[in-house]
Structure formats: structure tokens, C-alpha cells
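Let me begin by presenting the structure, written as C-alpha cells, before commenting on it.
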Amino acid sequence: MKFAVTSDLHGSPLLEKDMGVLHDVDTLLIAGDVFEMNRKIKKMTNFFDRIQSEYGVKNIIMTPGNHDHNIFEAYLEDREDEAGTSRRYPYIPRIYKADLLENHNVRLLIDEDVELDGIKIWGSPWSPSFYNWAFMKSEGELSNRYDLIPKDVDILLSHTPPWKKDCPIDQIDWPDWEPRKCGSVALTQAIERIKPKYMFCGHIHSGSHKEFDIDGTKCYNVSYLGEDYEPHYPVFTFELNKHKE
């Protein structure tokens with residue numbers, strides 16, 4: 001099965017020059033920040049419809065990110081114990097999992113998995129706490145979330161990158177910003193425990209987009225936009241065959 005992976009579109013569909021890689025792709029994976037608050041929702045759902053009808057993409061699987069408040073508000077409606085002060089934007093139109101699946105064939109993963117031809121994919125939208133953004137938790141709370149991930153996951157789709165001393169994929173590196181690392185230690189520990197074949201993330205747009213190995217897992221930052229919110233990085237593609245009995 002051939003996959004394309006990207007992240008941090010922020011309501012901006014791929015540029016035409018970047019769409020060609022989708023022609024022979026079976027599944028598109030998106031690691032969060034698909035929308036941008038309550039803007040460009042129709043633009044993105046039109047993009048989902050188009051790449052399926054014109055490019056033949058069979059599956060679109062996404063996990064949200066900290067800018068996907070429209071998904072976060074819908075998520076909180078089903079979880080009264082997490083609502084309360086967490087629901088900060090009641091004016092934002094909700095996007096529900098059922099609507100994305102039934103109307104646009106997009107599968108939304110929030111602490112759950114989906115299996116395609118024997119390949120198990122887990123989606124985790126969480127990031128370390130930073131101001132009042134969506135899908136954020138403390139490291140201790142993140143650890144509890146990652147404990148839900150089963151050990152037979154092949155692809156881990158996470159919005160936040162992992163934190164490791166020598167890992168460059170969570171390093172902010174932009175002229176106007178102070179360099180610093182922003183990943184999750186709890187995610188690194190989960191990767192070391194689960195050992196998925198691949199881990200894809202975004203969130204830190206300027207993090208290194210080169211492969212980084214964590215205990216045998218191939219880790220990639222696949223953000224599409226740079227810190228200036230303009231397209232800077234190519235869509236990543238790879239092939240993974242189903243498990244042999």
C-alpha cells in the first residue's frame with residue numbers, strides 16, 4: 001500500500017505543483033492542524049472530495065491538532081468530564097467524526113486506531129500544554145493518553161513531535177524565534193515501548209524534516225507549511241505492505 005503523509009495545512013489545500021504525488025497513492029495521512037479555527041472549512045472538505053474523485057485516493061485518515069478547535073469543540077460535547085473550562089470557543093462551528101466519514105470519506109482518529117489491509121494506524125491529536133489551544137495536556141496526562149496505544153500499531157500519527165536530546169524534529173529554528181525544543185518526552189517513551197514502524201508528526205513547522213530513528217522507529221516531521229505559514233516542504237510518500245500470515 002502506498003501512503004502520502006503531510007501535516008499542518010492550516011486550512012490551505014496542497015498547491016497544484018504538490019498534488020502530483022497523489023496520483024498513485026492509496027491513503028493520505030494528515031498529522032493535525034488540518035483546519036484553522038473556524039476558517040476555510042468548506043475549502044478543505046472540497047479538497048478532500050477532489051483528491052478522491054480526481055486523483056483516486058481511496059482513504060483519508062487524519063488526527064487533529066491544536067489549531068483544530070472546530071473538532072475539539074465537537075469532541076468535548078461527548079465528554080462532559082473534560083468540558084467545563086476547556087470549552088473556550090462556543091461560537092466555532094463543530095466538525096463531527098460522523099460528518100467527515102459519511103459525507104467526505106475522511107476517517108478522524110482521536111486516541112484510536114484503524115486497520116487497512118492489516119496495517120494498523122493510531123491517531124493522537126495531543127501536544128504539550130501551551131496557552132489555550134486545543135488538544136493539549138501536561139506531560140503526565142499525555143503519558144496516560146499514550147498508554148492507550150496498543151503494541152501492534154504499525155503507524156503512529158501524532159500531532160506533537162517526540163522530545164529526545166539529539167532529536168531535531170521538534171526544534172524550532174526560525175530567524176525571528178528563539179531556538180528551543182518543543183516535543184513530548186511521554187511520546188518518546190511511548191515510541192520506545194510500542195516500536196511502531198513509522199511515527200509521523202507536525203506541530204513544529206520548522207523542525208527538521210529528515211528521518212530520525214528512535215529505537216528502530218522511523219520518525220518524520222511532515223509539516224507542509226513553514227513558520228511563516230507558507231508551503232515549504234514536500235509531501236512525504238512511502239510504501240508499506242500488509243502483514244503476512
### Query
In what order do Arg107, Arg180 fall by count of nearby beta-carbon atoms within 10 Å, going from fewest to most?
Arg180, Arg107
#### Entry: Anchor Lys210: lysines whose Cα lies under 22 Å away (excluding residues fewer than 8 positions away in-chain)
Lys2, Lys17, Lys164, Lys165, Lys181, Lys195, Lys197, Lys218
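Got the relative contact order for the chain handy, in percent, Cα pairs under 8 Å and 6 or more residues apart?
Working: 575 pairs, mean separation 50.4, N = 245.
After rounding, I find 21 percent.
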### Query
Tell me, what HN-Hα J-couplings in whole Hz come from the Karplus equation 6.51 cos²θ - 1.76 cosθ + 1.60 at θ = phi - 60° for each residue of segment 215-223, using x for Gly and Pro?
6, x, 8, 7, 10, 9, 8, 10, 4
### Message
Cut-off 10 angstrom, C-alpha nodes, Gaussian network model of the chain. Which of His203, His69, His104 fluctuates the most?
### Response
His104
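What longest region of the chain stays clear of chymotrypsin sites (Phe, Trp or Tyr not before Pro) that DSSP places outside H, G, I, E and B and that have at most 14 other Cβ atoms within 10 Å?
Values: sites that count: Tyr91, Phe130, Tyr131, Trp177, Tyr229.
With a cap of 14 other Cβ atoms within 10 Å, the longest stretch comes to 1-90.
Give me Lys137, Lys42 sorted ascending by neighbouring Cβ count inside 10 Å, so fewest comes first.
So the residues, fewest neighbours to most, are Lys42, Lys137.
Show me the GluC sites (Glu not before Pro) within segment 1-54 that DSSP assigns to loop and that have at most 13 other Cβ atoms within 10 Å of their Cβ. Intermediate values should be presented prior to the final figure.
Working: sites: Glu16, Glu36, Glu54; in loops: Glu54.
Answer by residue number: Glu54.
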### Query
Between Asp176, Asp228, Asp33, which gets the highest mean-square fluctuation from a Gaussian network model of the chain, Cα cutoff 10 Å?
Asp176
### Task
Only one of the values (i) -0.37, -0.68, -1.26; (ii) -0.27, -0.52, -1.19; (iii) -0.30, -0.58, -1.25 was calculated from this structure for log10 I(q)/I(0) by the Debye sum over Cα atoms at q = 0.08, 0.11, 0.16 Å⁻¹; name its label.
(ii)
#### Entry: Square roots of 5 times each gyration tensor eigenvalue, C-alpha, segment 113-244, largest first, Å
24, 18, 13
### Query
What's the exposure ranking of Thr160, Thr217, Thr237, going from fewest to most Cβ atoms within 10 Å?
Thr237, Thr217, Thr160
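None of the figures in this text is laboratory data; all of them are computed from the coordinates on show. These numbers were taken from a predicted model, which means no experiment stands behind them. For neighbour counting, all protein chains shown are included, and Cβ atoms are generated from backbone atoms with ideal geometry for every residue, glycine included.
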